[in-house]
Amino acid sequence: MSVIDSHQHFWQYHPSKFPWINDKMKILQNDFMPPDLKQEMDRHGVNGCVAVQAGQTEGETEFLLKLAKEYPFVRGVVGWLDLAAKDLEKKLEHYTGFDRFKGLRHIVHDEPDDRFLLRPDFLRGIEALGKYDLCYDILIFARHLSVAIEFAGKFPDQKFVLDHIAKPEIMDQKIGSWEKGIRELAKHPRMVCKVSGMVTEADWNEWEPDDFRPYLDVVFDAFGTERLMFGSDWPVCKLAATYGGVIQLVEEYIGNYNPAEQEKIMGLNAVECYEL
């Protein structure tokens, strides 16, 4: 089985570049580069990965594309560009010249405006993405789901990827409103969901596999095995789990699925979604 890690990050750490990495996250206050990840991938039988932006500059996109050129196992890049910029289409024409440029993401959940996704200038940017058949990764908290539903509804043909199952409040075992939002968002025909980022929404030190089962039950029922893909969220996952621990969590949950379904979740869906 070919395993693709659909969501991980690289960075050369500096406090000014990554202000969200606070003193509770000292383990992340280091450089994390492709050779570091390759060791983990080789140890756990992972064949390729998708590098996702962690900084909101065009330089971040260039940095990731350079790494993808240097390290063939980096199969795709989800970068950052200013989607509200007037020259966005010119930028997209340039970056789509790189075969590993697969889409864009904005760190929406850090925006002070909970309705940021619905800004007219941002919507124009998403419309431009569709012309180039690029993905847009949606990074939100559970409270943003109602806005995300309205947002996605404006673009029925756009390829969307929901990161980290919309970050439910796993530590507090809150599920009701999140479940309602997930099921509605999953009705979008081109919405794919990453089974990723869960361990950091739980108690970092004392989570149990059963803590995640209710949430996994929902996303598997809502999206089905055709629209789910494994992602590690390395190195952020190191706050609460090892790389192997995150893989094991997903593999154990899907253990009763047939081999073809497991292969889709662990790799083939990412290949199809991002055209890797």
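The values are calculated or read from the model by the stated rules, or taken from the named source; none is laboratory data. What you are looking at is a predicted structure, and each value in this text was computed from that prediction instead of being measured. We place every Cβ from the backbone using ideal geometry, glycine too, and count neighbours over all the protein chains shown. Just the protein is used for accessible areas: all its heavy atoms, side chains included, with ligands, DNA and RNA removed. Shrake-Rupley method; radii C 1.70, N 1.55, O 1.52, S 1.80 Å.
Values for this structure:
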{"item": "FRET efficiency estimate (nearest 0.05) - Cβ-Cβ, Gln248 to Lys86, R0 35 angstrom", "result": "0.15"}
{"item": "The range 1-129: C-alpha gyration tensor shape, a/c 1.5 cut-off, then a/b vs b/c", "result": "oblate"}
{"item": "Additional length obtainable on full extension of the chain from Met1 to Arg124, 0.36 nm per residue less Cα span", "result": "40.3 nm"}
{"item": "Protein-only accessible surface order, largest first, of His109, His94 at 1.4 Å", "result": "His94, His109"}
{"item": "Pair Lys187, Glu169: separation of 7 Å Cα→Cβ label points (nm)", "result": "2.5 nm"}
{"item": "Top of Glu261, Glu201, Glu93 by mean-square fluctuation, Gaussian network on the chain, Cα under 10 Å", "result": "Glu93"}
{"item": "Rounded to 5, percent antiparallel among DSSP beta bridges of the chain", "result": "5 percent"}
{"item": "Net lengthening on full extension, Asn258/Glu58 (0.36 nm per residue, minus Cα-Cα)", "result": "67.8 nm"}
{"item": "In order through the range 117-129: 3J(HN,Hα) via Karplus (6.51 cos²θ - 1.76 cosθ + 1.60), integer Hz, x for Gly, Pro", "result": "4, 9, 4, x, 5, 5, 4, 4, x, 5, 4, 5, 4"}
{"item": "GNM flexibility winner over the chain from Trp207, Trp80, Trp178 (Cα, springs under 10 Å)", "result": "Trp207"}
{"item": "Net lengthening on full extension, Gln29/Asn47 (0.36 nm per residue, minus Cα-Cα)", "result": "3.8 nm"}
{"item": "Alpha-carbon Rg/Rh ratio, for the range 131-243, with Rh computed the Kirkwood way", "result": "0.96"}
{"item": "Within the accessible area of the range 22-133 (1.4 Å probe), percent carbon and sulfur", "result": "47 percent"}
{"item": "Long-range HN-HN contacts of Trp234 with modeled amide H, under 5 Å", "result": "His9"}
{"item": "Solvent-accessible surface ranking, highest first, for Met33, Met1 at 1.4 angstrom", "result": "Met1, Met33"}
{"item": "Phi to ³J(HN,Hα) by Karplus 6.51 cos²θ - 1.76 cosθ + 1.60 over the range 249-265, Hz, x for Gly, Pro", "result": "4, 6, 4, 5, 5, 8, x, 8, 7, 6, x, 5, 5, 4, 5, 5, 5"}
{"item": "With all protein chains modelled, accessible area of Thr57 [1.4 Å, Å²]", "result": "80 Å²"}
{"item": "Residues in the range 27-42 reached by a label modelled at Tyr13 [backbone nitrogen below 12 Å; 7 Å Cα→Cβ]", "result": "27-33"}
{"item": "Cα gyration tensor category, rounded, prolate or oblate, for the chain with a/c compared to 1.5", "result": "rounded"}
{"item": "DSSP-defined beta bridges in the range 1-141 - what % are antiparallel, rounded to 5", "result": "5 percent"}
